[in-house]
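The values are calculated or read from the model by the stated rules, or taken from the named source; none is laboratory data. As the structure is a computational prediction, the values presented were derived from the model and not from experiment. Please note: Cβ atoms are built from the backbone with ideal geometry, for glycine as well, and neighbour counts cover all protein chains shown. SASA here: full protein model, heavy atoms, side chains in, ligands and nucleic acids out. Shrake-Rupley method; radii C 1.70, N 1.55, O 1.52, S 1.80 Å.
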Amino acid sequence: MSTDAQTILLVDDEAGIRKVLGIVLSDLGYRVLTAANADEALQLFDRERPEIVLTDIKMPGRDGLSLLSDIKRICPDTEIIVITGHGELELAIRSLKLEVADFVTKPIRDDILEMALKRARDRITMRRQLRDYTENLERLVAEKAKKLVSAERMAAIGETVAGMSHTIKNIAGGLKGGVYVLEKGLTLEDKNYLRQGWEMVRGNVEKITNLSMDLLNYSKTGDISMELCDPNQPARDAARLMTTQMTGKRVAFEMEWARGLTPVFMDAEGIQRCLLNVLANALDACTQEESAREGKRIRLRTLAEPGWGVTYQVSDNGCGMDDSVQAGLFQRFFTTKGTRGTGIGLMLTKKIIEAHRGEIRVASEKGKGTSFVIRLPRVTKASVNDVAT
């Protein structure tokens with residue numbers, strides 16, 4: 001035994017047995033508490049919470065089975081050893097079913113009692129070690145998870161900074177080029193140079209403005225404002241704005257709205273922004289040099305699909321994309337537009353759709369066109385706050 005005495009509760013209705021066993025247990029290094037009946041024992045146990053209880057199984061009034069049942073209810077990890085007499089084997093077996101650690105028979109032999117106590121102590125030690133190991137493991141997992149999240153966050157920040165640096169570098173290059181052409185026009189007093197330089201500067205100023213707004217919108221998508229609205233309305237608003245942008249372009253714009261759609265909880269402004277991003281990509285695909293021919297069209301429609309609140313589809317017959325381009329569509333700052341794009345639009349779109357717990361899918365074939373599908377779930381009013389978070 002260690003120098004710190006381990007407490008044991010001894011319960012027996014016979015004073016002589018309590019005295020003799022008390023001496024034996026003290027000699028073994030235990031601090032001994034004694035009780036003459038179950039009620040007294042339960043009061044002592046509730047106050048002292050010993051880890052080991054040694055109790056007679058058959059006592060006047062409440063017996064040992066009743067006592068050990070109450071103790072296990074209060075503290076399931078308590079190790080209980082029952083004392084049985086001749087003819088009490090059935091009671092001993094019943095006690096084992098109540099998760100008793102061991103039992104010893106009268107007359108009690110010191111060596112048998114010491115073995116039973118050693119097994120009880122071993123179980124207590126093993127339980128403590130297992131608990132400590134589990135707590136250490138949980139702490140280790142938590143620390144590793146924290147480090148992993150931190151590493152992933154830093155990697156994401158690094159990727160974002162690299163992407164932004166590349167995008168800003170392209171815009172700065174465009175501005176420098178425009179300034180150079182403007183200066184040349186001023187030097188030569190050439191209106192053509194002046195006009196070209198001004199267009200280059202204006203285009204890049206517009207691009208850096210769009211980049212700033214995209215970044216601002218991306219940071220705000222965690223605060224979506226959900227409300228009940230007609231799911232066709234964001235599509236109509238996006239179509240109206242898109243029609244203005246398509247002025248002078250040789251691209252047909254078709255619209256089709258599903259009838260009888262049930263109102264859906266959504267951030268209508270956010271969904272409109274998503275549709276505009278996808279429509280802008282479709283327009284770009286239809287006006288690239290290899291696609292800029294007659295017969296180009298963009299189609300925006302809403303659909304009612306089983307299991308979804310609303311489905312939006314944007315399709316075009318523009319230049320299309322190969323598999324490698326499709327795989328990178330929603331990554332940070334990925335763009336196929338060269339210096340004309342920021343690579344944030346579809347990343348922002350995906351974030352907004354995921355905040356709605358919806359999905360966005362793309363199907364495309366090089367040279368034949370692209371189709372984007374956005375699906376939003378049916379959301380009840382009671383779960384709006386949960387979806388928004």
- Task: Straight distance only, please: which aspartates and glutamates reach the Cα of LYS118 with their own Cα at less than 18 Å, same-chain residues fewer than 8 apart left out?
- Result: ASP4, ASP27, GLU51, ASP77, GLU79, GLU99, ASP102, ASP110
- Separation of the THR262 and GLU14 label points, Cα + 7 Å toward Cβ, nm: 7.6 nm
- Message: Counting heavy atoms of the protein chains only and a 1.4 Å probe, report the per residue accessible area for the range 221-266 as a whole number of Å².
- Response: 59 Å²
- With each pseudo-label sitting 7 Å past Cα toward Cβ, what's the LYS366-LYS72 distance in nm, one decimal? 7.2 nm
- LEU241-ALA142 FRET efficiency (beta carbon distance; Förster radius 51 Å; 0.05 resolution): 0.60
- Note on the structure: Convex hull around the C-alpha positions of the range 1-58: the volume in Å³ per residue is 67 Å³
- Task: Determine the alpha carbon to alpha carbon distance for each of LYS176/LYS296; LYS184/LYS249; LYS169/LYS351; LYS176/LYS350; LYS176/LYS368; LYS72/LYS144 and list only those over 29 Å.
- Result: LYS176/LYS296; LYS184/LYS249; LYS176/LYS350; LYS176/LYS368; LYS72/LYS144
- Item | Most to least packed among 353-362, 104-113 [average Cβ atoms within 10 Å] | 353-362, 104-113
- If we sort 57-68, 294-305 on the protection proxy, mean other Cβ atoms within 10 Å, highest first, what's the order? 57-68, 294-305
- Query: Relative to the present Cα-Cα distance, how much length would full extension add between ASP111 and GLN43 at 0.36 nm per residue of separation?
  - Reply: 21.5 nm
- Task: Taking a cut-off of 17 Å between Cα atoms, list the aspartates and glutamates near LYS146, but don't count ones fewer than 8 places away on the same chain.
- Result: GLU135, GLU138
- Mind checking which aspartates and glutamates have their Cα closer than 12 Å to the Cα of LYS58? Skip sequence neighbours fewer than 8 apart in that chain. ASP12, ASP13, GLU14, GLU88, GLU90
